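Everything on this sheet refers to the single structure shown next.
We did not get these values from a lab; they are worked out from the coordinates using the rules stated. Note that the structure is a prediction, hence the values are computed from the model and not measured. All Cβ positions, even for glycine, are placed from backbone atoms using ideal geometry, and neighbour counts span all protein chains on display.
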Amino acid sequence: MAGTITHDRARTTDGQRGGPLIVTEDPPLLDDLLRLCAAAGARPEVHHGVPERGGGWEAAPLVLVGDDAAPRVRGATRRRGVVLVGRDQDDPGVWRRAVEIGADHVLVLPDGEQWLVDRIADVAEGVGRPAFTVGVIGGRGGAGASTLACALAVTSARAGRRTLLVDADPLGGGLDVLLGGETADGLRWPAFAESRGRVGGGALEEALPELHALRVLSWDRGDSVAVPPQAMRAVLAAARRRGGVVVVDLPRRVDESSAEALAQLDLGLLVVPAELRAVAAASRVASAVGMVLPDLRAVVGGPRGGAAASRTGGLSGTREGLGGLDAEEVARLLGLPLAGELPVEDDLLNAQDDGRPPGGDPRGPLARFCGAFWERMPVEGGAS
């Protein structure tokens with residue numbers, strides 16, 4: 001277990017990189033702490049007492065003091081990020097020793113192992129501002145949600161932001177295909193299906209295919225059609241810790257896995273063609289999604305009709321073909337704020353056939369729509 005014994009915080013260590021400092025002469029405890037550091041992807045510095053001046057006591061992002069070493073560090077400079085680690089949960093003296101050395105936390109192994117792995121990983125990766133995370137959901141099939149998700153990610157990456165696109169719809173055919181990268185090297189969802197607990201953000205990013213200056217977590221062409229909720233939670237948490245922007249293409253159903261994804265979103269966009277049947281279908285989706293996601297907004301496009309609109313996922317409708325419903329009316333019927341109207345992109349299908357992704361033409365209507373969207377959002381303008 002881990003117990004907080006003080007709320008008095010000195011300067012933060014967020015954003016610093018490097019492994020923790022371990023202070024102990026207890027060999028079994030040291031073995032356990034080294035194992036936990038390895039699990040968190042960190043390389044620690046080990047001392048039997050307080051390092052001499054110029055050592056890591058003040059510079060280390062985290063200090064793990066074995067209970068055996070508490071007397072030896074009692075006179076050290078007080079600092080934030082000191083954890084006293086012991087094994088005897090019934091020893092009342094451990095709290096007194098923690099106060100004497102100015103520890104922030106008392107941790108007892110093995111109960112506190114997962115907490116400690118997470119804390120070590122935080123300081124090793126450097127925890128800053130989490131990624132602004134947007135989910136895109138179709139109000140009905142063929143609404144163009146996947147196309148919009150790709151375009152949002154492509155325009156975000158083109159602006160210099162660290163961007164990760166997550167395909168959370170196992171029945172959608174794979175966003176790597178939509179981006180023209182189905183043969184690109186890198187891991188797909190089945191490789192992460194057994195993920196539990198903590199996934200390293202840096203390792204995740206490096207393992208994924210890089211397409212159009214962004215990282216993509218998509219599906220392979222195998223038989224797997226589900227992401228366990230624990231894996232969805234772990235992977236999205238790792239993606240968000242890297243900062244920048246995360247765009248998630250979501251299925252229309254709300255199951256345990258998609259609920260985990262919805263819980264990590266800052267904003268959801270419900271893509272709705274301006275047709276009465278589409279609005280009726282979207283209202284069911286909005287009701288289910290709204291139970292998990294507080295900030296859901298409508299993006300309204302033209303109705304699906306004619307070859308051009310059907311071939312481009314509903315993004316080529318015109319205002320003349322809105323069937324009597326304008327965007328404001330659609331949003332009103334759904335009870336959602338209006339995030340915008342999807343523009344006409346006449347050449348979208350040909351662009352995809354030529355290997356150009358949705359939003360790939362910076363002068364195109366879809367790219368301009370997405371660029372304007374990002375300008376209104378609280379995201380950094382450049383790379384994180």
Once the Cβ-Cβ distance between Met377 and Met291 is put in as r, and R0 is 25 Å, what FRET efficiency do you end up with, to the nearest 0.05? 0.60
Quick calc of log₁₀ I(q)/I(0), the range 49-145, Debye, one scatterer on every Cα, no solvent, q values 0.11, 0.13, 0.16, 0.21 1/Å, result -0.45, -0.55, -0.73, -1.09
Placed amide H near Gly340: partners under 5 Å, 5+ positions off or other chain: Val300
